[in-house]
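One structure below.
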Amino acid sequence: MALYPCDASGHRYQGPQRTMYPAIMSGALASRRKLRLCEYHFDAFVEQLNIHASEASAVPDDKLTPLCYLCAQTVGGTSSALYVTCYDQGAERQDWYAPLHDNCVTGAAADWLIEPETA
């Protein structure tokens, strides 16, 4: 039985906890959060990462233009990025990366439940 409620919605759940550590880096500033999640919400966040981000261990494809995590538009010359480390039950650590436009930082912070005053 989990000792903590799911950070995504506050409901209590049975079963093992899954954890994500999202961080948004913008220039020299960093905003971080630890998310304790139920299986359903963990899977939903991973699905978003699969669509909008790249696994950090993947070989970069120079032919692909980097797209912003939030708005899916071409990113160039930005100093902002989303990094997420995921720990699923019984699985190896996964690290994800996605660039962000500087003006998309606040929206990405809201998506990842990072408090607005820290982003």
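Extension gain, A110 to A56, is 17.2 nm, computed as 0.36 nm per intervening residue step minus the present C-alpha separation. Between the Cα long axis of helix 39-52 and the first principal axis of the chain there is an angle of about 10°, rounded to the nearest 10.
Treating each Cα of region 20-119 as an identical point scatterer and summing with the Debye formula, the log10 of I(q)/I(0) at q = 0.22 Å⁻¹ comes to -1.21. Of the solvent-accessible surface of the chain, computed with a 1.4 Å probe over protein heavy atoms with every protein chain present, carbon and sulfur atoms account for 50 percent.
Over region 18-119, accessible surface divided per residue gives 60 Å², non-protein components excluded, 1.4 Å probe.
The values are calculated or read from the model by the stated rules, or taken from the named source; none is laboratory data. On a predicted model such as this, the values are computed, not experimentally measured, just so you know. Remember, those area values only see protein heavy atoms, side chains included, never the ligands or the DNA or RNA. Shrake-Rupley method; radii C 1.70, N 1.55, O 1.52, S 1.80 Å.
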